[in-house]
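Take a look at the structure set out below.
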Amino acid sequence: MFYRNLIFVLFFSIFLSCSDDLYVEPALKIPTINIEINNFEEINSKDDYVKGTFEFNSRDYDFEDFVQPIKIRGRGNSTWDMPKKSYQFKLEEKHNLFNFPEDKKWLMLANYSDKTMLRNALAFELGYLSKLDWTPNYHFAEVVINGKAKGLYQFTEKVETGDYNRVQIGDEGFLLEVDQLSRIDYDDIAFWTEKKPSFCS
């Protein structure tokens, strides 16, 4: 119910922003996350992590404020070339970020090509409604990196196996990703043919 209310508030705020005569005071202040990289380095790689500090301020929400060391790197393919970039980060210790099941690894989605910031949220909501075995939790927060405001980000759980708080597929299951052939690396575990998975040597 919380997420449905949040989507409604965001949509209504965008609609009202088209008028100069109407203004609605936000019901809640979005949490703020301040990330400071050691020596104020830039996050300019999708492969190499840089170290820093992650400071969480819940503001009006009933979340636990905390500070932890962090490792963070870039994320994305075509989106990595956009002005606002997505990131993947690891906390030093597992934490229940936004009261989600605790984990170390999390994603920050920039959603730069979606000016409404609602497309991914809507897809997740459809996952909840369809009773899928697992759909990532998400929450929005304002982000500041090295003292520079980066705007609104969508924080989500990472889609991965091997942890009881993430995707459970069993010993003989598969986690499939739909992607372009040009993005398949030589060390990817498998690719899908017409009849069965063919494992790379």
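The values are calculated or read from the model by the stated rules, or taken from the named source; none is laboratory data. It should be emphasised that the depicted structure is a prediction, and the values quoted were computed from it without experimental measurement. Positions of Cβ are generated from backbone atoms using ideal geometry, with glycine treated the same way; all protein chains shown enter the neighbour counts. Side chains included, ligands, DNA and RNA excluded: accessible areas come from the protein's heavy atoms. Shrake-Rupley method; radii C 1.70, N 1.55, O 1.52, S 1.80 Å.
Check Asn137, Asn146 and return the single one that is modelled with pLDDT of 85 or more and at positive phi.
Asn146
State which residue pairs qualify: first residue farther than 22 Å from Ile33 by Cβ and inside region 113-140, second residue open to solvent by less than 50 Å² (accessible area, probe 1.4 Å) and of a type in the set (A, V, I, L, M, F, W, C) in any location, beta carbons under 6 Å apart, and separation of 6 or more residues or different chains.
Trp134/Val167; Thr135/Phe124
For region 96-115, which residues satisfy the criterion of being over 12 Å from the mean Cα position of the chain (by Cα), closer than 26 Å to Asn44 by Cα and open to solvent by 20 Å² or more (accessible area, probe 1.4 Å)?
Lys104, Tyr112, Ser113, Lys115
State which residue pairs qualify: first residue within 18 Å of Glu142 (Cα to Cα) and in contact (Cβ under 8 Å) with a residue 24 or more places away in the chain and inside region 81-105, second residue open to solvent by 20 Å² or more (accessible area, probe 1.4 Å) and part of a helix (DSSP H, G or I) in any location, beta carbons under 9 Å apart, and separation of 6 or more residues or different chains.
Lys85/Thr79; Ser86/Thr79; Ser86/Trp80
Looking only at region 53-90, which residues are open to solvent by less than 20 Å² (accessible area, probe 1.4 Å) and outside any strand (DSSP E or B)?
Ser58 - this is the single residue of region 53-90 that is open to solvent by less than 20 Å² (accessible area, probe 1.4 Å) and outside any strand (DSSP E or B).
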